[in-house]
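Asks: The following block contains the structure, expressed as structure tokens.
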Amino acid sequence: MVKKNKKSLSDAVYAKKSLNKNDNPFATARAATAKHLNPFEVHINKEKFQILGRVCKHDKGLPGISRAKAAKKRKETLGQEFMEKHKTNHFKDRRIGKHLSEAQLNEEIINARFTADRMEKIKQSKHSRFNLNDDEILTHRGQTLADIEQFRDDRSEEDDEENERLDAEFTEAAHFGGGSETGKDRKTAIDEMIVEQKKRKMEIAKEKDEIFNMTEKLDANYKSLVSLMSKTSKSEFKEKPTPDDYDKLMREMIFEPRGVVSDRLQSELELAKQEKERLERLEQERLKRMKADGEEENETSLKKPKHRSADDLDDGYFANGDEDEASILAYNLKGGLETKMNGETNGYLEKQNQSKNQEECDSDEDEEDGEEAASEYDENDDDLSDLKASESEDEEETTPSQKDNGVDCINREALTKPQSVQKTTADLPYLIEMPSNFEEFNNLLLPYKLSDQNIIIERLIKCNHPELEIGKGEAVAKLFSHILKLLNEKFVDANLEDVRQNFQLLSIMVPHLYEIMYLNPERMSQTLLGMIKGKYTEYKKNPKQYPSLEVLIFLKLVSNLCSTSDFRHPVVTPCYIFIQHILSKARIRSRQDIAMGLFLVTLSLEYAQLSKRFLPAAFNYLLGVIYLSIPKRPVETLKILPPFQSHGIFNRLLAIPEESDVFKNIPEQLMTSEDLVTQTINDDFKLRALNHCLKLIQNAVETVKENVGANYLAMPLLEMLERLPLSSYPDYIKTNYEKTKIGLETLANKSLKKLVPPEKKPKALRLLEPRIEQIYDDKRRPKLSKHKEERVKLLHKVKRETKSAVRELRRDTQFLQKMRLQQQLQSDAERREKVKRIFAEASLQQGELNALDRAKKKKKF
């Protein structure tokens, strides 16, 4: 067995050798990879200490391979950049339409190329930006336009000059002794040459003349053809397509006018200054017109003497005399004699003045009739109305001559005018000083109507705006106090005659109060709150009686001037309490009390429109109004809370008899301002009060429907409504009754949510931080915080990266120095070769010269 094995092994070896005899010996060589490394290229990195558990990735290295890879990478990147440095031989086609062929190029692309090239040249040269002269040389098919401007002769003068120069044959014959004709001397040759040149010039001029005549003939023939061609319209040759919607829209967008930059928005201060300047200018113009200053200026300008020559005796000579002139006897335009004294004529002109005076008297009477039907003042017509008034004032002012002739007219005016005349809009000054006290303020407004009072307040605010001057804030605060006092006086003793007019005054003053309020909110709020505190002090003296009307007006002003949705407000919160006290304590005895109570309930709902709060006294008052509308028998008693009485004559003030058809025909009406000052109760008021109460209940239900426990507020109202008989009431009250009842039933049937304690969140498990033990690495470091330790690590990394970057930069520098050295050595070698070649050629040339010299010396001997 052993022998067989040995024999088989040897046979296999011999067979392998025979197979690999003719093969490439390097075919079976293994590359030096990571697994099979060349031991001579491996560098072992020794470690000072061997640490258990640490895997060292850099125990072996291949410096040769790494160096070769780095050199190759630098050669491909840094070396290429170095070779291309300061080289401009790289051509890039950046022309517009570079991908198009010559057939596809059109005129637009060529113009775009020309424009881009022109802009590039302008950007490169600073001086050509502001050069107004066009130095651009335009070309066409490779030729400048200056060269081809004259289309008659293509040749230029330079070509003629070149033709006129001496040719090579003549130069060779004349200067170097050439030529076949040896008998001619130099002078004869030059004369012949001159004759030939003159002859050739004459031929050229003759040829030019012939070409010019032919060109003129062609131009004349072309003009005759143009007259025939112009008769045919262009549409016959080429019909333009009709523009579609897109083309129309594009043209509209192209020719659409662009927006113009408008002036900036002015601030409040600038607007206030501008308005004050406008009022000052208008006031000066009004005063001039009132004092007739403008007419005097015109007269003085007319009466100034003008220089005129002595011969200037025209028809108007005597009309331009001075004031100091004496009376002059002169002819008038009709040829009659008349005297002229101080620029005025007597005689014929006096008759004209008398007729004018009579016409002015008649016009004054017409103006008096028209003033009674004048409309209210409009802000936009401010200047025009003032001008109209100034014209009427000028007509009313009569001259001394008019006084004599218009006595009857003045007497008629005295008879027709009343004793107390109300001032008109024309009498309003534009600049108004702030009154020092309330009496002056009242006297300022008293002669004017409501529309004019509105203008006065507006001009007072504009003339005393706090941003115009530092001390104007006190004046505006004084104006706010005066307006409040004026409203107090108007409403404290209001009656049926003037209550409606007082409410019109209130509607006029509210915008001005709002404007003044926000010029200085703290100061104005304190003023308004002081007025309300004073009224509350007066009310506390007799709390069972409703206050006067001005208290309700001040409470209404609070809702217009202050924010009623705040949780606590320095003005609104005391007013809430004031309304609560009035509705819960004041007794109801008359029509005025019921109307005031409904007014206060409306105010409370207006206060709570956004905050969704409610006054209990307001719901109680609405319940009481329904209670007053229910007819009761003497024995019957219903539960009701104060201030309403459960028995007596005041518990059915609004009740109407049952089964009566008298009230069904009364139309629907709203509450009026007269209800606040009237004591007696009539049938219309009963229906209006109940209808208004039903509407207020609907609003109250909408306000409190989101509140918790609102069903307890609706239940008493629903029970009281069910007791109200509707047989005698009109249809609109029945409709409001059904709406109110549906809303109350919905609110009363609303179920309350049970009180449930809040869900407890599951208690989170206590999380413990893992205990991390620091591994001892035989390096003594100070104990640092986590933040500082991370910072130290980052600094260490930055330091290492910096070192590696500096090392790479050093190697890059070495690589570039080697490339520079190689280039220098290569250029030096090339230069040496060139020098050797030059010396060799020079030595050969010198040898040939030496040989020629030797040959010449031999010939001499």
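The values are calculated or read from the model by the stated rules, or taken from the named source; none is laboratory data. Just so you know, these numbers come straight off a predicted model, no measurement behind them. Positions of Cβ are backbone-derived with ideal geometry, glycine not excepted, and every protein chain shown enters the neighbour counts. Side chains are part of the model used for accessible areas, which takes the heavy atoms of the whole protein and leaves out ligands, DNA and RNA. Shrake-Rupley method; radii C 1.70, N 1.55, O 1.52, S 1.80 Å.
Asks: Considering only the range 45-62, I want to know if a residue exists there that is open to solvent by 70 Å² or more (accessible area, probe 1.4 Å), without any contact (Cβ under 8 Å) to a residue 24 or more places away in the chain, in contact with a helix residue (DSSP H, G or I) (Cβ under 9 Å, 6 or more places away or on another chain) and over 30 Å from Thr139 (Cα atoms).
Replies: Checked the range 45-62: no residue is open to solvent by 70 Å² or more (accessible area, probe 1.4 Å), without any contact (Cβ under 8 Å) to a residue 24 or more places away in the chain, in contact with a helix residue (DSSP H, G or I) (Cβ under 9 Å, 6 or more places away or on another chain) and over 30 Å from Thr139 (Cα atoms).
Asks: Out of the residues in the range 648-661 meeting the condition of being touching a residue at least 40 places away in the same chain (Cβ under 8 Å) and aliphatic (A, V, I, L, M), tell me which one is surrounded by the fewest Cβ atoms within 10 Å (Cβ to Cβ).
Replies: Checking each candidate, the answer is Ile656.
Asks: What helices (runs of 4 or more DSSP H) lie completely within the range 429-497 and have 3 or more residues being open to solvent by less than 20 Å² (accessible area, probe 1.4 Å), within 30 Å of Leu552 (Cβ to Cβ) and touching a Phe, Trp or Tyr at 6+ places or on another chain (Cβ under 7 Å)?
Replies: 450-463
Asks: Ok, one more. Would you mind telling me which numbered condition in (1) over 27 Å from Thr746 (Cβ atoms); (2) within 52 Å of the chain's Cα centre (by Cα) Val662 fails?
Replies: Of (1) over 27 Å from Thr746 (Cβ atoms); (2) within 52 Å of the chain's Cα centre (by Cα), only one is false for Val662: (2).
Asks: Restricting attention to the range 575-585, does a residue exist that is on the phi < 0 side of the Ramachandran plot, in a loop (DSSP other than H, G, I, E, B) and surrounded by fewer than 21 Cβ atoms within 10 Å (Cβ to Cβ)?
Replies: No, that holds for no residue.
Asks: State which residue is surrounded by the fewest Cβ atoms within 10 Å (Cβ to Cβ) when the search covers only the range 699-728 and only residues that are under 21 Å from Phe599 (Cβ atoms) and within 44 Å of the chain's Cα centre (by Cα).
Replies: Among them, the one singled out is Glu702.
Asks: Can I ask one more? Among the residues of the range 527-534, is there at least one that is in contact with a Ser or Thr (Cβ under 6 Å, 6 or more places away or on another chain), open to solvent by 50 Å² or more (accessible area, probe 1.4 Å) and not β-branched (Val, Ile, Thr)?
Replies: no
Asks: Right, next: For the range 607-616, give me each residue that is open to solvent by less than 10 Å² (accessible area, probe 1.4 Å) and among the aliphatic types (A, V, I, L, M).
Replies: Ala608
Residues are listed down the side, and each one gets a yes or a no for (1) of a type in the set (Asp, Glu); (2) at pLDDT below 95:
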{"residue": "Lys786", "(1), (2)": "no, yes"}
{"residue": "Glu789", "(1), (2)": "yes, yes"}
{"residue": "Thr802", "(1), (2)": "no, no"}
{"residue": "Gln823", "(1), (2)": "no, yes"}
{"residue": "Ala851", "(1), (2)": "no, yes"}
{"residue": "Arg854", "(1), (2)": "no, yes"}
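Asks: Another question, if that's okay. Only residues that are touching a residue at least 12 places away in the same chain (Cβ under 8 Å) and open to solvent by 70 Å² or more (accessible area, probe 1.4 Å): list them for the range 805-826, please.
Replies: Arg811
Asks: OK, next. Could you list, ordered by first residue, the pairs with Cβ atoms under 8 Å in which the first is in the range 462-484 and free of Cβ contacts under 8 Å to residues at least 40 places away in the same chain and the second is open to solvent by 10 Å² or more (accessible area, probe 1.4 Å) and among the basic types (Lys, Arg), at least 6 apart or interchain?
Replies: Note: pairs meeting the criteria are Asn464/Lys472.
Asks: So, one more: Is there any pair linking a residue in the range 681-707 that is free of Cβ contacts under 8 Å to residues at least 60 places away in the same chain and closer than 28 Å to Pro657 by Cα to one that is open to solvent by less than 20 Å² (accessible area, probe 1.4 Å) and not in a helix (DSSP H, G or I), with Cβ under 6 Å and at least six apart or on different chains, and which?
Replies: From residues that are free of Cβ contacts under 8 Å to residues at least 60 places away in the same chain and closer than 28 Å to Pro657 by Cα, the pairs are Lys686/Leu654; Lys686/Ile656.
Asks: Filter the range 806-861 down to the residues that are among the acidic types (Asp, Glu) and more than 60 Å from the chain's Cα centre (by Cα) and list them by number.
Replies: Residues satisfying the conditions are Asp828, Glu830, Glu833, Glu841, Glu848, Asp853.
Asks: Looking for whichever is among the hydrophobic types (A, V, I, L, M, F, W, C) and at pLDDT below 85 here; the options are Met250, Met229, Met202, Met214. Which one fits?
Replies: None of the other options fit; the residue is Met229.
Asks: Continuing with this model, one more query. What helices (runs of 4 or more DSSP H) completely inside the range 1-110 contain at least 1 residues that are under 30 Å from Gln814 (Cβ atoms) and at pLDDT 60 or above?
Replies: Per the criteria, 63-76, 78-83.
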